[in-house]
Amino acid sequence: MRLFGRPPGDLDGVGALIESPGFYPYLSGSDNLKVLARYSGTDPLRVGEVLALVDLTDRGKDRYSAYSLGMKQRLGVAAALLKDPRLLILDEPTNGLDPAGMADMRVLIRRLGAEGCTVLLSSHLLGEVQQICDRVGIVSRGRLVAENTVAELRGGTVLHIETDEILRATDLVKHWIGAENVRASGTGLDLTVDPERASWLNRELVTEGIAVRELHVRERDLEQVFFELTGEVAGHVG
């Protein structure tokens, strides 16, 4: 395994943010970055550039100890960008950010990718991953169980059915379209079937005396794919 043609231990060209970055609490955000720039041999003028990238220019002179959790997170991203890396590794970069901050972070990450920087993002927020990433790897119990584009992992659409008689409906639908095409989803069923068969399925269920409360086509999201691939159950804490 090699990184940029060199052994992976050579970190030149790599920037990283761990989930909880650490800085000197008595220094300002700007001075913390200047310390890092000096140790890494980076032009100190880069400090102002990265503060602007993460929208901290106006708070750069404030002490780090006075920063909110979201501001600390943005300063951590700024530190990771100091050396203008070719590979940027981010661990939970939206941790502590409010909705507006999360949106800004998404824009920044996509912009970095568009400008040629490879961004490796680690996150448990699958909705964020779905909006940001081009390719996704799913890890379960330390093993990579899937890796593909977001579109390929999500696959096509599914037909979702809600009914008060879910057990009877499940048995019938499995018989009609095959058990492998039926999956429990919340209080209903997700069916891997041509959406054009929706009216037929509705008619058959009603004929069997089952009232269909809801029937619609929806796209699978990454969270649903994750549960399918890992065998975990939504809402379960292991």
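The values are calculated or read from the model by the stated rules, or taken from the named source; none is laboratory data. Please read all numbers here as calculations on a predicted model, not as lab measurements. Backbone-built Cβ (ideal geometry, glycine too); neighbour counts: all protein chains shown.
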Do you know which residues across the range 77-88 are in contact with a helix residue (DSSP H, G or I) (Cβ under 9 Å, 6 or more places away or on another chain) and surrounded by fewer than 18 Cβ atoms within 10 Å (Cβ to Cβ)?
84
For the range 141-165, give me each residue that is under 15 Å from the mean Cα position of the chain (by Cα) and either of a type outside the set (Lys, Arg) or over 30 Å from residue 202 (Cα atoms) (or both).
146, 147, 148, 149, 150, 151, 153
Restrict the check to the range 111-125 and report whether at least one residue is of a type in the set (Val, Ile, Thr), in the same structural domain as residue 91 (by TED's automatic domain parsing) and either at pLDDT 90 or above or exposed (fewer than 15 other Cβ atoms within 10 Å of the Cβ) (or both).
yes
Reported set for the range 153-172 where residues are within 23 Å of residue 223 (Cβ to Cβ) and among the hydrophobic types (A, V, I, L, M, F, W, C) is 153, 158, 159, 161, 166
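More than 32 Å from the chain's Cα centre (by Cα) and not charged (D, E, K, R): is that true of residue 212 in this structure? Steps first, answer last, please.
Values: more than 32 Å from the chain's Cα centre (by Cα): yes; not charged (D, E, K, R): yes.
Considered against the rule, which asks whether it is more than 32 Å from the chain's Cα centre (by Cα) and not charged (D, E, K, R), residue 212 comes out as yes.
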Within the range 97-109, can one find any residue that is buried (at least 20 other Cβ atoms within 10 Å of the Cβ) and over 21 Å from the mean Cα position of the chain (by Cα)?
no
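Please pick out the residue among 151, 179, 184, 198 that is of a type in the set (Gly, Ala, Ser) and surrounded by 14 or more Cβ atoms within 10 Å (Cβ to Cβ).
Details: 151 fails: surrounded by 14 or more Cβ atoms within 10 Å (Cβ to Cβ); 179 fails: surrounded by 14 or more Cβ atoms within 10 Å (Cβ to Cβ); 184 fails: surrounded by 14 or more Cβ atoms within 10 Å (Cβ to Cβ).
The conditions single out 198.
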Meets criteria (at pLDDT below 95 and either touching a helix residue (DSSP H, G or I) at 6+ places or on another chain (Cβ under 7 Å) or not hydroxyl-bearing (Ser, Thr, Tyr) (or both)) for residue 13:
yes
